[in-house]
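S.K.: Dropping a structure here in structure tokens format, bear with me for questions.
The values are calculated or read from the model by the stated rules, or taken from the named source; none is laboratory data. Keep in mind that what you see is a predicted model, and the values were worked out from it rather than measured. Methodologically, a virtual Cβ is constructed for each residue, glycine included, from the backbone with ideal geometry; neighbour enumeration extends over all protein chains shown. To get the accessible areas, we keep the full protein, side chains included, count just its heavy atoms, and leave off ligands, DNA and RNA. Shrake-Rupley method; radii C 1.70, N 1.55, O 1.52, S 1.80 Å.
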Amino acid sequence: MHRANGDRIPGRRQHLTVTPKTRLLDQLKKMAVLMELDGANPFRVNAYTKAVRALGDETVDVEQAVREGTLTRIDGIGKGIAEKVEEFVRHGLIAEMTEFSAKFPPGVVEMTEIPGFGAKKARAVFGELGVTTVEELERACRDGRVAELKGFGAKTADKIVQGIASMRKHSGRFRIDVAWETAQPILKALRGHDAVERVEVAGSLRRWRETAKDLDFVCATTKPGDVMEFFTTLESVDTVTGQGPTKSSVVLDTGMSADLRCVAPEHFPFTLQHFSGSKEHNTALRGLAKRKGMKSSEYGLFPEGSETSLPATEEADIYRHLGLAYIEPELREDMGEIEAAAKGAMPELVTAGDVRGLPHMHTEYSDGQPTLDAYAKWAAQNGIGWMGISDHSKTASYAGGLQPDRVRKQWAEIAKVNKEWKDSGVRLLRGIESDILGDGSLDYEEEMLKEFEFIVASVHSQFNLTEEEQTARMLKAVENPYTSILGHMTGRLLLKRDGYRVNQKEIVRRCAAEGVIVEINSNPARLDLDWTLVRFALDEGCCLCVSPDAHTLGMLEHMRYGIGIARKGWVTKDRLANCWSADEFLAFVRKRRP
DNA sequence: GCCGTTTTCGGCCCGACTGTTTTCAGTCG
């Protein structure tokens, strides 16, 4: 089994900085769990879950919505939850939440995170046995008390113990690169099996979400038993956690769970569509089907009263039956794609094949490993016309930032390499990733700045400024006429560190007005700009670029994740600088220089 | 608790798997 550089992502989130919004979302999530424990109306619980999702969208500025009284304009936020949000923003807590919390110890809430152990069971062990922590629950399972409870048994007790172990070992989500690299060899193995007619990875990986909880494979076969046997005995499978006639679940050696669903070939498009999600997209789609007198499930699309599904050989057929244009998997988030498909107004998303140039990469001059020549060679071999070299600037001493003499030396070498690779149509561009200094200025004197062909401006220090200070600092950098690209907007490290506090929407708007290109950083630890803001940036009129931010040649492969995020943000090739020629890119950059 | 081009009340997507039951509840996606 191929591991992603061996670097499994620790499950527990470690927040260096936790934003008020993150705290609010945590509170609302906890509220949903507490209400469920309390036996509240499940639809009421679901309303809270939906609200967390609605507010979690990066483009939603909760505090602003509270100030302007526009919370209830957000789909999924009504009067009740709006009041809770306002209460939290004003007072830092929700009174009703405090009341609920008093009824259930924190350990009971934590129990609901055990796989296969939900609120009903947690309520039972707490109410019947007085168990208040995960540790006590484990003991109660081992000494037989849990097995005696009504609705429980020996097997349930065993499963709980296993679930607790699993939660401790690797809780939570995995970065998209871990998911992708885990999935590829399994896909390849399944494709090589005689009984497999079609197989795809579905779920959040197919939609290019930045993190995934597990892998979902969907397979067309007439011999599900054979395929399932093959799947559950793959070398990379650690334990088999479930196996029925059409579905198996396993835990892989990377710690990720994976499900395989096997269906008859005629069901395949429906099943693939169903398990590609998102849940929200499918819920909306089923609602639409219902209004059109059809029932939609993973087995077909059934006209009312009919046992026979409408035919489909591809997912596009399903959407067509519903009166919709085909919706690419990346867009299936119930964020307007269904409405656009109904109007036939789907964007033609950028593809990897449209890419002609790569901005933002580091060489041996600063903290990168490749030579300039190695990049040029790679470009020639991969049909890339231009590469924007951008090592760290002088203030970034921790990363070998370039002093002016080193900059000049690199310029000379770039000229030499360009001459050597001219016939291959490859051109390296003289750039720099300039630190944005504390006061918002760039890192060299103007005489030097104007000699760079392009400049990526990024924040690498002073993460703890207030939102106002950080925003002002970045706005100043955006307004600098030598800034071409604004690098990783928030500095977030997925599953590790929240981004610095900054008003992203305001900065995006200024980039649009100033003609500064907004970066989508392809590093799978970053994927920053967030995809929800990518779409916002497009709507505001921005141009974007997907940056490899490579420090090795291998990291150029990260472009696949950045392109995935661009597609997820509805980006078309005319708005992505990577799809322009070097001359077009440089002309765009020069427009705003004095 | 949310929501409304059949609605301001009465719905709220649908099915697989497991372990407990002997027809179903809980959990998950």
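S.K.: For the stretch A:434-445, what does the Karplus curve 6.51 cos²θ - 1.76 cosθ + 1.60, with θ = phi - 60°, yield as ³J(HN,Hα) per residue in whole Hz, taken in order and with x for Gly and Pro?
M.R.: Running phi through 6.51 cos²θ - 1.76 cosθ + 1.60 with θ = phi - 60° gives 7, 4, 8, 6, x, 8, x, 8, 8, 9, 9, 5 Hz.
S.K.: Another question, if that's okay. At 0.36 nm per residue, and after removing the present C-alpha to C-alpha distance, how many nm does the segment from A:Lys213 to A:Asp583 gain when stretched out fully? Walk me through the numbers before you get to the answer.
M.R.: Numbers: separation 370, 0.36 × 370 = 133.20 nm, distance 4.23 nm.
Residue separation times 0.36 nm, minus the Cα-Cα distance, leaves 129.0 nm.
S.K.: Check which residues have an amide H placed less than 5 Å from A:Asp528's amide H, if you skip close sequence neighbours.
M.R.: A:Asn521
S.K.: Further question: Are there trypsin sites (Lys or Arg not before Pro) in the stretch A:548-594 that DSSP marks as loop and that have at most 15 other Cβ atoms within 10 Å, and which are they? The partial results should precede the final answer.
M.R.: Values: sites: A:Arg560, A:Arg567, A:Lys568, A:Lys573, A:Arg575, A:Arg590, A:Lys591, A:Arg592; in loops: A:Lys591, A:Arg592.
Those satisfying the criteria are A:Lys591, A:Arg592.
S.K.: Then there is this: Could you work out how far apart the two model spin labels at A:Thr371 and A:Asn41 are, taking each label as a point 7 Å from the Cα in the direction of the beta carbon, and quote it in nm?
M.R.: My value for the distance between the label points is 7.2 nm.
S.K.: Hey, with R₀ at 45 Å, roughly what FRET efficiency would A:Glu229 and A:Lys496 work out to, going by the Cβ-Cβ distance, to 0.05? Kindly include the intermediate steps, with their values, before the conclusion.
M.R.: Details: r = 38 Å, r/R0 = 0.85.
About 0.70, to the nearest 0.05.
S.K.: Show which lysines lie in cross-link reach of A:Lys79 when reach means a straight Cα distance below 17 angstrom and same-chain residues fewer than eight apart are skipped.
M.R.: Cross-link targets: A:Lys50.
S.K.: Points 7 angstrom from Cα along the Cβ direction at A:Gln462 and A:Ala165: gap in nanometres?
M.R.: 5.2
S.K.: Where in the stretch A:271-309 are there GluC sites (Glu not before Pro) that are in a DSSP coil and have at most 14 other Cβ atoms within 10 angstrom of their Cβ? Mind dumping the intermediate values first?
M.R.: Numbers: sites: A:Glu280, A:Glu298, A:Glu304, A:Glu307; in loops: A:Glu298, A:Glu304, A:Glu307.
In loop regions of the stretch A:271-309 (DSSP not H, G, I, E or B), the sparsely surrounded GluC sites (Glu not before Pro) are A:Glu304, A:Glu307.
S.K.: Okay, moving on. State in Å² the accessible area per residue of the stretch A:352-590; use a 1.4 Å probe, count heavy atoms of protein chains only, and round to the nearest integer. Don't jump to the answer; show the numbers that get you there.
M.R.: On the way: 8490 Å² over 239 residues.
That works out to 36 Å² for each residue.
S.K.: Would you work out the charge dipole size for chain A about its Cα centre, treating the Cβ of every Lys and Arg as +1 and the Cβ of every Asp and Glu as -1, and quote it to the nearest 20 debye? Display every interim value, and only then the final one.
M.R.: Values: 81 positive and 88 negative charges, 152 e Å.
For this selection, approximately 740 debye.
S.K.: Compute the signed sum of charges (Lys and Arg +1, Asp and Glu -1) over the other residues within less than 13 Å, Cβ to Cβ, of A:Arg473.
M.R.: Numbers: positive: A:Lys476, A:Arg501, A:Arg510; negative: A:Asp435, A:Asp439, A:Glu467, A:Glu468, A:Glu469, A:Glu479, A:Glu506.
Overall, the nearby charge balance is -4.
S.K.: Of the heavy-atom accessible surface of the stretch A:40-140 (probe 1.4 angstrom), what whole percent is carbon and sulfur?
M.R.: Working: 2760 of 5480 Å².
Here it works out to 50 percent.
S.K.: So, with +1 on the Cβ of K and R and -1 on the Cβ of D and E, and no other charges, what is the size of the charge dipole of the stretch A:164-260 about its Cα centre, to the nearest 20 debye? Walk me through the numbers before you get to the answer.
M.R.: Numbers: 13 positive and 14 negative charges, 80 e Å.
Its charge dipole is roughly 380 debye.
S.K.: Per residue of the stretch A:211-226, in order, report the coupling 6.51 cos²θ - 1.76 cosθ + 1.60 (Karplus, θ = phi - 60°) as ³J(HN,Hα) in whole Hz, putting x for Gly and Pro.
M.R.: 9, 9, 8, 7, 10, 10, 10, 10, 10, 9, 7, 9, 10, x, x, 4
S.K.: Net charge within 9 Å of A:Thr221 by Cβ-Cβ distance, Lys/Arg positive one each and Asp/Glu negative one each, not counting A:Thr221 itself? Show your work: numbers first, answer last.
M.R.: Details: positive: A:Arg198, A:Lys223; negative: A:Glu197, A:Asp226.
Around A:Thr221, the surrounding residues sum to 0.
S.K.: Moving on to the next point. What are the semi-axes of the equivalent ellipsoid of the stretch A:278-342, taken as the square roots of 5 times the eigenvalues of the Cα gyration tensor, listed largest first and rounded to whole Å? Each step should come with its number before you reach the end.
M.R.: On the way: eigenvalues 73, 30, 21 Å².
Those come to 19, 12, 10 Å.
S.K.: Given 0.36 nm per residue, what is the gain on full extension from A:Thr49 to A:Thr246 after removing their alpha carbon distance, in nm? Numbers along the way, then the final one.
M.R.: Working: separation 197, 0.36 × 197 = 70.92 nm, distance 2.95 nm.
My answer for the length gained is 68.0 nm.
S.K.: If one takes the longest principal axis of the Cα atoms in chain A, at what angle in degrees, from 0 to 90 and to the nearest 10, does the Cα axis of helix A:404-420 lie?
M.R.: With both axes taken from Cα atoms, the answer is about 90 degrees.
S.K.: Residues with amide H under 5 Å of A:Asp238's amide H, sequence separation 5 or more or different chain, H placed in the peptide plane at 1.01 Å from N; which?
M.R.: A:Val251, A:Leu252, A:Asp253
S.K.: Further question: What does the extension gain come out to for A:Asp61 and A:Arg73, with contour length at 0.36 nm per residue minus their alpha carbon separation? Don't skip to the end; give the middle numbers.
M.R.: Numbers: separation 12, 0.36 × 12 = 4.32 nm, distance 1.26 nm.
Contour length minus the Cα-Cα distance gives 3.1 nm.
S.K.: Give me the one-decimal Kirkwood hydrodynamic radius in Å for the stretch A:308-466, with the sum taken over alpha-carbon pairs. Please list the in-between numbers first.
M.R.: Details: mean 1/r = 0.0525 Å⁻¹.
Kirkwood radius, the stretch A:308-466: 19.1 Å.
S.K.: Could you give me D for chain A, from Stokes-Einstein at 25 °C and 0.890 mPa s, where the hydrodynamic radius is the Kirkwood radius over C-alpha pairs? Units µm² s⁻¹, please.
M.R.: Values: Rh = 26.4 Å.
Value of D from the Cα-based Kirkwood radius: 93 µm²/s.
S.K.: For the stretch A:190-209 and the stretch A:147-169, what is the separation of their C-alpha centers, rounded to whole Å?
M.R.: What the calculation gives is 31 Å, centre to centre.
S.K.: Okay, moving on. So with the 1.4 Å probe, I'd like the accessible area per residue for the stretch A:174-263, rounded to whole Å². Display every interim value, and only then the final one.
M.R.: Details: 3480 Å² over 90 residues.
Per residue, the stretch A:174-263 has 39 Å² of solvent-accessible surface.
S.K.: What is the set of long-range amide H partners of A:Arg427 at a cut-off below 5 Å, with H atoms built 1.01 Å from backbone N?
M.R.: A:Trp386, A:Met387
S.K.: Within the stretch A:498-525, list the residues whose amide N lies under 14 Å from a label point set 7 Å along Cα→Cβ of A:Lys591.
M.R.: A:511-518
S.K.: Additional query: Count charges around A:Val146 for me, please; just the other residues with Cβ under 12 Å from its Cβ, Lys/Arg as +1, Asp/Glu as -1.
M.R.: Numbers: positive: A:Lys121, A:Arg139, A:Arg142, A:Arg145, A:Lys150, A:Lys155, A:Lys159; negative: A:Glu128, A:Glu136, A:Glu138, A:Asp143, A:Glu148, A:Asp158.
Neighbour charge sum, excluding A:Val146 itself: +1.
S.K.: For the pairs A:Lys394/A:Lys568; A:Lys103/A:Lys279; A:Lys21/A:Lys279; A:Lys188/A:Lys247; A:Lys84/A:Lys568, note any where the Cα-Cα span goes beyond 28 Å.
M.R.: Working: A:Lys394/A:Lys568 35 Å; A:Lys103/A:Lys279 31 Å; A:Lys21/A:Lys279 24 Å; A:Lys188/A:Lys247 19 Å; A:Lys84/A:Lys568 31 Å.
Violating the 28 Å limit, Cα to Cα: A:Lys394/A:Lys568; A:Lys103/A:Lys279; A:Lys84/A:Lys568.
S.K.: Continuing with the same structure: With point charges of +1 on the Cβ of Lys and Arg and -1 on the Cβ of Asp and Glu, referenced to the Cα centre of chain A, which listed residue (A:Ser547, A:Phe100, A:Leu402) lies farthest in the positive direction of the dipole?
M.R.: Farthest along the dipole direction, towards plus: A:Phe100.
S.K.: Run the helix sum for chain A: -39,500 (n - 2.57) per DSSP H stretch of 4+ residues, divided by residue count, reported at 222 nm to the nearest 500 deg cm²/dmol.
M.R.: On the way: 24 runs with 251 residues, N = 594.
Estimated from H runs of four or more residues: -12500 deg cm²/dmol.
S.K.: So for the pair A:Glu87, A:Lys188, with labels modelled 7 Å out along Cα→Cβ, what separation do we get in nm?
M.R.: 5.5
S.K.: Out of A:Tyr365, A:Thr308, A:Phe231, whose Cα points farthest toward the positive end of the dipole of chain A (charges: +1 Lys, Arg; -1 Asp, Glu; placed on Cβ)?
M.R.: The residue sitting most towards the positive pole is A:Thr308.
S.K.: Pop out the carbon and sulfur fraction of the accessible area of the stretch A:478-594 as a percent, whole number, probe 1.4 Å. Write out the running numbers ahead of the final one.
M.R.: Working: 1640 of 3460 Å².
The nonpolar share, carbon plus sulfur, comes to 47 percent.
S.K.: Can you compute the FRET efficiency between A:Ala345 and A:Asp405 using 1/(1 + (r/R0)^6), with r the Cβ-Cβ distance and R0 = 41 Å? Round to the nearest 0.05. Write down the numbers at each step before the final one.
M.R.: Values: r = 54 Å, r/R0 = 1.31.
Efficiency computed from Cβ-Cβ geometry: 0.15.
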